[in-house]
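K.L.:
Starting off with a structure, shown below.
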Amino acid sequence: MITKGYNTQFVSPVSAARMFKAGVVDAHNLVPKIMPFIVKEIVVEGDGKAGSTKRMNFTDEAKISYVKERVDELDEEKYVYKYTLLEGAKLGEQYESSNYEMSFEPTKEGGCVCKMVGTFNAYTDEGFTEDDINVGKNGVFGMYKSIEAYLIANPQAYA
């Protein structure tokens, strides 16, 4: 088993509280609304907190049809979200498991630093490439940049 992953971040002018509410707590409602060209729906089973599952169904434009994840931690005070991929993408084909952590750290200017960490346990080094990792990372990054743009354009949303 080979462990691979990514660790990336970006600075946002949007507050950590708003980014967390929109991008984590209410993502199942917001993301299909602002990204209908790629996300059909997000179905939540449970209350959305630890132990719940979320299934994101994609349109035909996406390279995969869906992903299903389990919420491992949702800390609304520290703005931390951890989850494990249960189904979809290339799970079971190229890698055995993958875990993710999102955090939103307030900045003194009123915005936040959005940090994303993804860890993959690949079967072989050749079977799971940097390109595969970048597809997932860029997808998550793009989603959060879309959420940021929505929140900037709609300053009362999630306030």
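K.L.:
Can you tell me the length gained on complete extension of the stretch A50 to Y123, counting 0.36 nm per residue apart and subtracting the Cα distance?
P.N.:
Residue separation times 0.36 nm, minus the Cα-Cα distance, leaves 23.5 nm.
K.L.:
Given the pairs K21/K63; K33/K145; K40/K78; K4/K108; K21/K145; K33/K108, which are separated by over 23 angstrom at their Cα positions?
P.N.:
Over 23 Å Cα-Cα: K21/K63; K40/K78; K4/K108; K33/K108.
K.L.:
With +1 assigned to the C-beta of every Lys and Arg and -1 to the C-beta of every Asp and Glu, and no other charges, what is the dipole magnitude of the stretch 2-153 about the Cα centre in debye, to the nearest 20?
P.N.:
With Lys and Arg at +1 and Asp and Glu at -1, about 420 debye.
K.L.:
Mind checking the full-extension length gain between N138 and T84? Use 0.36 nm per residue of separation minus the Cα-Cα distance, one decimal, nm. Could you put the intermediate results ahead of the total?
P.N.:
Details: separation 54, 0.36 × 54 = 19.44 nm, distance 1.77 nm.
Net length gain for the segment: 17.7 nm.
K.L.:
Related question: Points 7 angstrom from Cα along the Cβ direction at D26 and Q9: gap in nanometres?
P.N.:
Each label point lies 7 Å from its Cα, and together they span 2.7 nm.
K.L.:
May I ask for the net charge around S98, where only other residues with Cβ less than 10 Å from the Cβ of S98 are counted and Lys, Arg are +1 while Asp, Glu are -1? Mind showing how you got there, number by number?
P.N.:
Working: positive: K4, K90; negative: E69, E96.
Result for the neighbourhood of S98: 0.
K.L.:
Once the piece of chain linking T59 and A159 is laid out straight, how much longer is it, given 0.36 nm per residue of separation minus the C-alpha distance between them?
P.N.:
Roughly 33.0 nm would be gained on extension.
K.L.:
Among I152, F104, N134, whose Cα lies farthest out toward the positive end of the dipole of the stretch 100-159, if unit charges sit on the beta carbon of Lys, Arg (+1) and Asp, Glu (-1)?
P.N.:
Of the candidates, I152 comes out farthest on the positive side.
K.L.:
Same structure again: Just to be sure I understand: with springs between alpha-carbon atoms less than 10 Å apart, which residue in T129, T53, T84 has the highest mean-square fluctuation in the Gaussian network model of the chain?
P.N.:
Fluctuation is largest for T129.
K.L.:
What is the sum of charges around P13, taking Lys and Arg as +1, Asp and Glu as -1, for the other residues whose C-beta is under 9 Å from the C-beta of P13?
P.N.:
-2
Readers should treat all values here as calculations from the given coordinates under stated rules, not as data from a laboratory. Predicted model only: the values in this text are computed from it and were never measured. When we count neighbours, we look across all protein chains shown, and the Cβ atoms used for this are built from the backbone with ideal geometry, even at glycine.
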